[in-house]
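Data block below; observations after.
The values are calculated or read from the model by the stated rules, or taken from the named source; none is laboratory data. Just so it is clear, the model here is predicted, and its values are computed rather than measured. Cβ placement follows ideal geometry from the backbone for every residue including glycine, while neighbour counts extend to all protein chains displayed. The accessibility values were calculated without ligands, DNA or RNA, using every heavy atom of the protein model including side chains. Shrake-Rupley method; radii C 1.70, N 1.55, O 1.52, S 1.80 Å.
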Amino acid sequence: MPGDDRKALVMPMSWIRAQIEVWLLGAVLALTVIYPAGSQSLSPVTVQEPEGRALVERLRRGGLVLFFRHADTTGMPCDSSYRIGDRSGQRNLSPEGREQSRRIGEVLRTLGIPVADPVLAGPVFRAHDTAELAFGPERVQVTDSLLADDYAGGRLKWILDEHRRLMSEPAPDGVNRVLVGHRTPAIMVLGPSVGGTALPEGGAIVLEPGGAPKILGVLTPAPIPNRGFHGC
């Protein structure tokens with residue numbers, strides 16, 4: 001559950017109860033989800049590394065899903081209101097994160113990785129700002145299906161089901177489906193191999209869609225040295 005004791009003192013009891021329910025549901029789902037056989041911790045790779053070049057080559061053919069974690073938020077204030085549309089109450093992209101988002105789009109275009117329209121992004125600003133800066137606002141569709149877990153209220157199960165659907169549905173031939181969201185729902189759906197340090201801010205899980213999406217790797221198109229994990 002997000003927040004600390006000082007924050008809880010000023011939060012209404014209804015909000016606290018809702019967050020407890022989210023945490024409990026998340027714990028149950030994390031225990032009951034079936035992970036791919038032989039899953040193990042992943043390490044993110046850059047587009048210059050051999051593993052990264054192999055992922056790029058596969059992405060050029062299309063038919064995959066790229067699930068991006070929003071870009072860098074280092075040093076930005078933690079979420080405080082947990083309300084959609086309240087930018088001042090959310091953890092936003094850092095200036096470096098905004099530039100990282102632009103570079104992500106540039107790198108994908110330079111590498112010739114085809115992206116389907118629309119690019120789907122969650123409504124929390126750090127996610128949809130990442131998508132709009134990377135791909136252009138005219139190409140982005142904001143959807144509650146990619147909402148952050150700590151904004152879910154009583155909808156966490158539906159949100160995780162939507163993540164699973166978007167990661168599993170076949171992508172159009174010749175292009176890749178791009179999703180921009182948050183780390184914790186991805187862990188809840190895909191399992192512990194994408195936890196820990198596997199998915200830094202600005203990184204993307206490369207998935208082969210299907211009944212159970214297959215994780216091909218984690219790609220970091222525009223990494224920022226010594227960053228990628230906030231302290232909230």
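Some values worked out for this structure:
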quantity: Complete set of residues in region 212-232 that are open to solvent by less than 10 Å² (accessible area, probe 1.4 Å) and farther than 27 Å from residue 61 by Cβ; calculated: 228
quantity: Only listed residue being out of contact with any helix residue (DSSP H, G or I) (no Cβ under 6 Å at 6 or more places or on another chain) and touching a residue at least 12 places away in the same chain (Cβ under 8 Å), chosen from 196, 202, 217, 181; calculated: 196
quantity: Complete set of residues in region 187-211 that are at negative phi, out of contact with any His (no Cβ under 7 Å at 6 or more places or on another chain) and open to solvent by less than 20 Å² (accessible area, probe 1.4 Å); calculated: 190, 193, 194, 195, 198, 199, 200, 203, 204, 205, 206, 207
quantity: Of all residues making up region 169-186, the number that are open to solvent by 20 Å² or more (accessible area, probe 1.4 Å) and assigned to a helix (DSSP H, G or I); calculated: 2
quantity: Candidate set: region 15-62, residues that are part of a loop (DSSP other than H, G, I, E, B) and buried (at least 18 other Cβ atoms within 10 Å of the Cβ); chosen: the one modelled with the lowest pLDDT; calculated: 42
